[in-house]
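S.K.: Shown below is the structure under consideration.
The values are calculated or read from the model by the stated rules, or taken from the named source; none is laboratory data. Since this is a predicted model, take the numbers as computed values, not measurements. Neighbour counts run over all protein chains shown; Cβ positions are idealised from the backbone, glycine included.
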Amino acid sequence: MPELIALKDPHRESRVYSARTVIAIAIVLGLLTVVFSRYYSLQVTEYESYKTQSERNRVQLQPLPPKRGLIYDRNGVLLADNRPSYILSVVRERVADLDTTLAELAALVPISEGDLENFQKKLQRRRPYEAVPLRFRLTEQERARLAVNRYRLPGVVVDAQLLRHYPYGELFSHALGYVGRINEREAFELDESDYRGTFHVGKVGVEKFYEDILHGEVGYQNVESNAHGRVLRVLERFAPVPGVDLTLHLDIRIQRAAIEALGDRRGAVVAIDPRTGGVLALVSTPGFDTNLFVNGISTADYSALRDSLDVPLFNRAIQGQYPPGSTVKPMMGMAGLESGLVTPETSVPDPGWYKLPGDSRRYRDWILRIRGTGHAPRVALKMAIAESCDVYFYDLARRLTIDRMHDYMQPYGFGQRTGVDTTNERPGVLPSTRWKREAMAQAWYPGETLSAGIGQGYMLATPMQLAVATSVMASKGQRKVPRLLKAIDGEPVAAPLLEPLIANDSNWASVYDGMREVVHGERGTAKKLAKGIQYEMGGKTGTAQVIGIAQNAVYNEDEVAERHRHHGLFIAFAPLEAPTIAVAIIVENGGGSSAASPIARKVIDTWLLGDAS
Amino acid sequence: MGDYVRQMPHQGSQDLARPPSAATRFHIDIPLLVLLLILTAYGLFVLYSASGQDMGAVIRQGRYFLVAYVIMICGAQISLQRYMRWAPWLYLLGVGTLLAVMFFGVGAKGAQRWLSIGGFRFQPSEIMKLVVPMAVAWYLAERTLPPRFVFVIVSLGLVGLPAALILQQPDLGTALLIAASGLFVLFMAGIGWRYMFGAALLAVASAWPAWMFVLKDYQKQRILTMLDPESDKLGAGWNIIQSKTAIGSGGWQGKGWLQGTQSRLDFLPESHTDFIIAVLAEEHGLRGVLLLVSLYLLILLRGFWIGLRAQSSYGRMMAGSLTLTFFVYVFVNMGMVAGLLPVVGVPLPLVSAGGTSIVTLMAGFGILMAVSTEKRMVSQ
């Protein structure tokens, strides 16, 4: 600082001030230009995009969820219905403190942890001002409590939505499947725009298989709404297209008869009309109430179902793979006749056991344990089917060889999914040398051919496959993809046809003869069914071993724990001269076929004679 | 004084010839008054729409204007010498009340800014917007200009103390405005360029520590939001996205008075207070913005003009500082609403609803008028 005595110099001050004013004005002009050019760029350069955005703000596209299609049985009985249900939702943007609001809501209506979890997940994916559902199916009282407290709960919305209801929940649990709330994975897979406003989707069964047409098309309305989401007026409306109504081949009478006949036993019943391929009954017991799943099943209910030893969630009819046992013998018989290896008159000696050439092992016939001898000195096809002679089929299987057996059995639908219109079907196993090489990397042993010949060993079939095979048998080679769906909105839908199985008519007649004898013959394995019967039925019994029984050991039902007892199987079709129904039945741990065959009688009686039976 | 007479424009010499007009007698600067009247009228017009056609809000605002105009005219009657004499005492009183706020203040929204006396609440920091430049100008007016190093340091102290007290309330926006109003005095006093470069360097260097230690989370969030509003569409970014949409969708023409959908349908937050320019831009278009900016520019130029013609260095410095502070309001508000600056609570001067800023600003214009008429009185 040079000066010690500073003197005020007004002229210098004034000059400096003027200079500073010029600089200040320059800065002011410069910055105002910056600000103004910003407004220019927003209002002129980017005008179009902001105009669009403002319009999008003002006008909102609101989804109008479609009504889900109804499902009827063949008699017009409503199996899946929509009922109005009240939903509690929260608009996040209108709630100041979400945690407080949720706590207050929890004090008014019960909210489970699952509800909260679902809510939080949906909250992440919502669009601005979209109502996120928190609790479904409010009771009358809960609605009243919410209505009273509404004034202090801004952003809380209660509105009605149609919700799936199954009037016969347990009766059709495995036949229909169910809808449930859309989960995270599904939300990712589903077309987002199609499911705006829809909270539920088909999870399994018919509900899932026909999801596309049951769901319908979402509608929209253009509404002018304010920032709080309040709709001020509707500008435009595109109505939703409701889902189609489905009529199924299922018959509630047969379904009920089958479930009643099964009682508290575990098992499955599939009935098919061989003329149409329509599935008349699809039963797996135990079932469960599908309504539980519609709104998110409680953890307790779910673990009870999941952890039950009886696996009620398991659809035995299409997922259960069982050794078909002797129920394959009619098809085996056809194979023998068609291949020319046997004629109806060809007979084999039956000492009650069978030996492969050059092998000391005895392959026993089931009769040996009961009579100590074979069915008869010599057994031909008719008796072999009627009395379920193992020795006859051991011999036939050996002569046929496993790969030809595979080729003859395949047209009946074994070893591949039948393609029935529901979900989670499993393919079973129809063994062959190639199959064993690929699946187990092992060579085929001759002894295994004998087991396969009586439906044991590697062979596995679902009750659905057995029903389809029986249906092919009943329609003399007509092959159809089994269908649950009978009509869409009243328009009949035909089952897809497959290449028919061409076989000699007299061969069918010979096998029918044997199957008739099973029920109507004096020594038939299901001769008890003939009592009081008003029609002719063809059938075949079967038994599937649950645990392997050692050579020479004697199987005693009483001594074996219930869950280790044999599965009882039975296939049948009727009336014999012009079959209209083919059934396959399995009773898990039923002990033997006698547990299954009476169920077939009840089912067929109901179908042919009506409820009067 | 002869120099001044010669420098005066044509109109000025006419004034001399005539007996003093009513305007001169009542220390009114007519061009400034007219500009302010046009601006406030336009402001009320916009407010009617921005408040959702709430006549009550317009009347309330009109009442504030009435009070503010009275204060302005009263303020204009007080001589500059008196302002200068009061400055140190007002400053001490101001700092005292700020300290009182610190200990006995009333809070609102997490900040302690208000002092309540006999049921009347007022915000001492608001008064400091005038008192701080008055005090700095008082201090420097007595000394040789451009100010020497020691004077600069003392001036910075005068600015820094109240600014720091307000910063801890916390009220960053007001603290910055007050600091600016004091620093503008230094700038107009002719402070050396090296100080300014030094300050600029210091500001840049302190950016990192300020970010780390001084700025609160919500303040950082505002800066981040300004840089990328899309990052938080429903939260902090919402305001900026909606205000930009409102401005942009106005185009050149505007949607028409009362036709702005962004504000009418509540998309625009704070539409009648800090974000009112967005309503104006939406409804009156860029034309309306141009009109507003022109009005502001004319007021600013008038302010600078008054400063240039001021008689005393005190008057000069006050005029310069008040004008520049007014500009800061305009710049910060228009900039933040358009997404150029982070959102701080600075109203659009004389347009945004709210009495406090109106009264302070108009009191400032009262001082400006006192400056403008001081010379004339002396000239006669």
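S.K.: Report whether or not B:A163 is within 20 Å of the chain's Cα centre (by Cα) and farther than 21 Å from B:G345 by Cα.
M.R.: Spelling it out, it is not the case that B:A163 is within 20 Å of the chain's Cα centre (by Cα) and farther than 21 Å from B:G345 by Cα.
S.K.: Looking at segment A:498-524 only, could you name the residues that are outside any loop (DSSP other than H, G, I, E, B) and in contact with a Gly (Cβ under 8 Å, 6 or more places away or on another chain)?
M.R.: Correct list: A:W508, A:S510, A:V511, A:Y512, A:G514, A:M515, A:R516, A:E517, A:V518, A:V519.
This table checks each residue for (1) under 25 Å from B:Q61 (Cβ atoms); (2) not assigned by TED's automatic domain parsing to the domain that holds B:V337.
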position: B:G182; (1), (2): no, yes
position: B:L186; (1), (2): no, yes
position: B:A207; (1), (2): no, yes
position: B:Q221; (1), (2): no, no
position: B:L224; (1), (2): no, no
position: B:G254; (1), (2): yes, no
position: B:G260; (1), (2): yes, no
position: B:L268; (1), (2): yes, no
position: B:R287; (1), (2): yes, no
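S.K.: Output the residues belonging to segment B:176-197 that are buried (at least 21 other Cβ atoms within 10 Å of the Cβ) and either under 16 Å from B:V131 (Cα atoms) or away from chain A (no Cβ under 14 Å) (or both).
M.R.: B:L177, B:I178, B:A180, B:S181, B:G182, B:L183, B:F184, B:V185, B:L186
S.K.: Now for a different question. Suppose we keep only residues that are crowded, with 20+ Cβ neighbours inside 10 Å and hydroxyl-bearing (S, T, Y) within segment A:48-60. Which one would you say is farthest from A:V223 (Cα to Cα)?
M.R.: A:Y50
Residue-wise test of (1) closer than 19 Å to B:I241 by Cβ; (2) surrounded by 13 or more Cβ atoms within 10 Å (Cβ to Cβ); (3) in contact with a helix residue (DSSP H, G or I) (Cβ under 9 Å, 6 or more places away or on another chain).
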{"residue": "A:R38", "(1), (2), (3)": "yes, yes, yes"}
{"residue": "A:E46", "(1), (2), (3)": "yes, yes, yes"}
{"residue": "A:R68", "(1), (2), (3)": "no, yes, yes"}
{"residue": "A:T100", "(1), (2), (3)": "no, no, no"}
{"residue": "A:A107", "(1), (2), (3)": "no, no, no"}
{"residue": "A:E117", "(1), (2), (3)": "no, no, no"}
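S.K.: Return the residues of segment B:321-353 that are facing chain A (nearest Cβ under 10 Å) and touching a Lys or Arg at 6+ places or on another chain (Cβ under 7 Å); say none if nothing qualifies.
M.R.: Of everything in segment B:321-353, those that are facing chain A (nearest Cβ under 10 Å) and touching a Lys or Arg at 6+ places or on another chain (Cβ under 7 Å) turn out to be B:A338, B:G339, B:L340.
Every residue, every condition in (1) touching a residue at least 40 places away in the same chain (Cβ under 8 Å); (2) assigned by TED's automatic domain parsing to the domain that holds A:V279; (3) closer than 18 Å to A:V132 by Cβ; (4) of a type in the set (S, T, N, Q), yes or no:
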| residue | (1), (2), (3), (4) |
| --- | --- |
| A:H200 | yes, no, yes, no |
| A:G205 | yes, no, no, no |
| A:G216 | yes, no, no, no |
| A:S225 | yes, no, yes, yes |
| A:V234 | no, no, no, no |
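S.K.: Would you be able to tell me the number of residues in segment A:124-146 that are at pLDDT 85 or above, surrounded by fewer than 18 Cβ atoms within 10 Å (Cβ to Cβ) and not hydroxyl-bearing (S, T, Y)?
M.R.: 6
S.K.: Shifting gears a bit: Quick check: is even one residue across segment A:42-62 in contact (Cβ under 8 Å) with a residue 24 or more places away in the chain and of a type in the set (D, E, K, R)?
M.R.: Taking every residue of segment A:42-62 in turn, at least one turns out to be in contact (Cβ under 8 Å) with a residue 24 or more places away in the chain and of a type in the set (D, E, K, R).
S.K.: Listed residues A:S49, A:S54; which is within 30 Å of B:G339 (Cβ to Cβ), at the interface with chain B (Cβ under 8 Å from one of its Cβ atoms), assigned to a helix (DSSP H, G or I) and modelled with pLDDT under 90?
M.R.: A:S54
S.K.: Applying the selection to segment A:274-312, what residues are surrounded by fewer than 23 Cβ atoms within 10 Å (Cβ to Cβ), part of a loop (DSSP other than H, G, I, E, B) and among the small types (G, A, S)?
M.R.: Once the filter is applied, which keeps residues that are surrounded by fewer than 23 Cβ atoms within 10 Å (Cβ to Cβ), part of a loop (DSSP other than H, G, I, E, B) and among the small types (G, A, S), segment A:274-312 yields A:G287, A:G296, A:S298, A:S308.
S.K.: Further, regarding this structure: Looking at A:E224, is it surrounded by fewer than 19 Cβ atoms within 10 Å (Cβ to Cβ), within 14 Å of chain B (Cβ to nearest Cβ) and either part of a loop (DSSP other than H, G, I, E, B) or over 21 Å from the mean Cα position of the chain (by Cα) (or both)?
M.R.: yes
S.K.: Specify which of the listed residues (A:G180, A:G197) is of a type in the set (G, A, S) and in a strand (DSSP E or B).
M.R.: A:G180
S.K.: Quick check on my filter: what residues within segment A:458-474 are surrounded by fewer than 24 Cβ atoms within 10 Å (Cβ to Cβ) and part of a loop (DSSP other than H, G, I, E, B)?
M.R.: The answer is A:Y458, and nothing else.
S.K.: I need the full set of residues from segment B:240-288 which are facing chain A (nearest Cβ under 10 Å) and aromatic (F, W, Y), in order please.
M.R.: Hits for segment B:240-288 are B:W252, B:F267.
S.K.: So which of A:D505, A:D513, A:D489 is without any contact (Cβ under 8 Å) to a residue 60 or more places away in the chain and either within 30 Å of A:A561 (Cβ to Cβ) or of a type outside the set (S, T, Y) (or both)?
M.R.: Just a single option satisfies the conditions, and that option is A:D505.
S.K.: Moving on. For segment A:104-128, what are the residues that are out of contact with any Ser or Thr (no Cβ under 8 Å at 6 or more places or on another chain) and assigned to a loop (DSSP other than H, G, I, E, B)?
M.R.: A:V109, A:P110, A:I111, A:R126, A:R127, A:P128
S.K.: How many residues are in contact (Cβ under 8 Å) with a residue 40 or more places away in the chain and not in a helix (DSSP H, G or I) when one looks only at segment A:313-346?
M.R.: 9
S.K.: If you don't mind, there's one more thing I want to ask. Kindly establish whether A:N82 is under 30 Å from A:A281 (Cα atoms), crowded, with 16+ Cβ neighbours inside 10 Å, of a type outside the set (S, T, Y) and outside the structural domain of A:R256 (by TED's automatic domain parsing).
M.R.: Considered against the rule, which asks whether it is under 30 Å from A:A281 (Cα atoms), crowded, with 16+ Cβ neighbours inside 10 Å, of a type outside the set (S, T, Y) and outside the structural domain of A:R256 (by TED's automatic domain parsing), A:N82 comes out as yes.
S.K.: Additional query: Among the candidates B:V289, B:V344, B:V328, B:V359, single out the residue that is surrounded by 23 or more Cβ atoms within 10 Å (Cβ to Cβ) and out of contact with any strand residue (DSSP E or B) (no Cβ under 9 Å at 6 or more places or on another chain).
M.R.: When all the criteria are applied, what remains is B:V289.
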